[in-house]
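Each value in this text was obtained by applying a stated rule to the coordinates, not by laboratory testing. Every value quoted in this text rests on a predicted model; they were computed, and no experiment measured them. No Cβ is skipped: glycine too gets one built from the backbone with ideal geometry, and neighbour counts run over all protein chains shown.
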Amino acid sequence: LAKTTQPISMDSYEGQEVNITCSHNNIATNDYITWYQQFPSQGPRFIIQGYKTKVTNEVASLFIPADRKSSTLSLPRVSLSDTAVYYCLVGPYSGNTGKLIFGQGTTLQVKP
Amino acid sequence: DTGVSQNPRHKITKRGQNVTFRCDPISEHNRLYWYRQTLGQGPEFLTYFQNEAQLEKSRLLSDRFSAERPKGSFSTLEIQRTEQGDSAMYLCASSLAVGDTQYFGPGTRLTVL
C-alpha cells in the first residue's frame, strides 16, 4: 500500500480557507485518494474521494496534480466545528479486503 | 437513523474479565469491518466480514479476540481475559461492497482497569 505523509497538526482561524497536503510518492495506477474526518469520540466520516485533477462536493475540494504523488484537501471558510483530525488514505484498499489503512492524520485546530 | 450503531458506547472492566461489543451495520451492507484505535493514532484494521464469512484477521487480533456475524447482519466482537493493553476505541464500519465508502459507527470505548 502507498504510504502517506501529512502534517501532524495545523492551526487556522474561522472564515479562512484551509489546505492540507498529503504526500503519496508510491501511489499505484489503480489507487484512489480518500479523505476522512474524525471528531473526538466519534468514528471517522468520509469527506471526499478522487483519482485525478479536481473533485468538489458540498464539504470540500480535492486537488490532485498530474503525477498524483500528492493531493490537497481544501476546506473553504472553516468554522470552529471543523476542528478535527483529517486522514488521507490511498489504495484500492489492500486488494480484495477493502480494509482502510490510516496514518496519524492531521489535527486541525480552528480558532475564533 | 439508518447509520452504523454500536453498543455499548463505553465499557469499563477489570483485567481478566470478558467483554462483548455489538455492531449493527447499515441495512443491506454486505461488508463489515472492525478497527481499533488508540489515543493519538489512526484506526487499525482488525477483521472483516463478507456477509457471514470472516475473510481476514489482522495479526493484531490475538486468540483472545473473536468476532462473529452469524446471520450476515449484526456482528459481535468478544475479548476474553482482557488486559490493560486492550484499552482502546473499537470501531465498526460497513460498506455495500469492496471499494465502496465505509461508514463508521460511533465506536465503543473500552477501559480495562
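Here residue A:107 qualifies as part of a strand (DSSP E or B), touching a residue at least 40 places away in the same chain (Cβ under 8 Å), surrounded by fewer than 20 Cβ atoms within 10 Å (Cβ to Cβ) and within 14 Å of another protein chain (Cβ to nearest Cβ). Residue A:101 falls short on exactly one of the conditions (1) closer than 22 Å to residue B:38 by Cβ; (2) of a type in the set (A, V, I, L, M); (3) outside any loop (DSSP other than H, G, I, E, B), and that condition is (3). Residues of the stretch A:35-74 being among the polar types (S, T, N, Q) and touching a helix residue (DSSP H, G or I) at 6+ places or on another chain (Cβ under 9 Å), which ones? Residue satisfying the conditions is A:37 alone. For the stretch B:25-60, a tally of residues being over 11 Å from the mean Cα position of the chain (by Cα), surrounded by 14 or more Cβ atoms within 10 Å (Cβ to Cβ) and among the aliphatic types (A, V, I, L, M) returns 1. Can you name the condition, by its number, that residue B:104 falls short on among (1) at negative phi; (2) at the interface with chain A (Cβ under 9 Å from one of its Cβ atoms); (3) more than 12 Å from the chain's Cα centre (by Cα); (4) not hydroxyl-bearing (Ser, Thr, Tyr)? All conditions pass for residue B:104, except number (3). Which residues, taken from the stretch B:62-84, are closer than 15 Å to residue B:35 by Cα, surrounded by fewer than 18 Cβ atoms within 10 Å (Cβ to Cβ) and either in contact (Cβ under 8 Å) with a residue 60 or more places away in the chain or over 11 Å from the mean Cα position of the chain (by Cα) (or both)? Matches in the stretch B:62-84: B:62, B:78. Can you confirm whether the stretch A:21-40 contains a residue that is on the phi > 0 side of the Ramachandran plot and surrounded by fewer than 14 Cβ atoms within 10 Å (Cβ to Cβ)? No - not one qualifying residue is present in the stretch A:21-40. Whether any residue in the stretch A:59-82 is under 30 Å from residue B:7 (Cβ atoms), under 10 Å from the mean Cα position of the chain (by Cα) and part of a strand (DSSP E or B) is what I want to check. The answer is no, given that none of the residues of the stretch A:59-82 is under 30 Å from residue B:7 (Cβ atoms), under 10 Å from the mean Cα position of the chain (by Cα) and part of a strand (DSSP E or B).
When restricted to residues that are out of contact with any strand residue (DSSP E or B) (no Cβ under 6 Å at 6 or more places or on another chain) and of a type in the set (A, V, I, L, M), the stretch A:14-34 contains 1. When residue B:12 is tested against (1) part of a strand (DSSP E or B); (2) within 15 Å of the chain's Cα centre (by Cα); (3) farther than 28 Å from residue A:32 by Cα, exactly one condition is not met: (2).
Taken over the stretch B:39-60, the criterion of being in a loop (DSSP other than H, G, I, E, B) and within 12 Å of chain A (Cβ to nearest Cβ) is satisfied by B:39, B:40, B:41, B:42, B:43, B:58, B:60.
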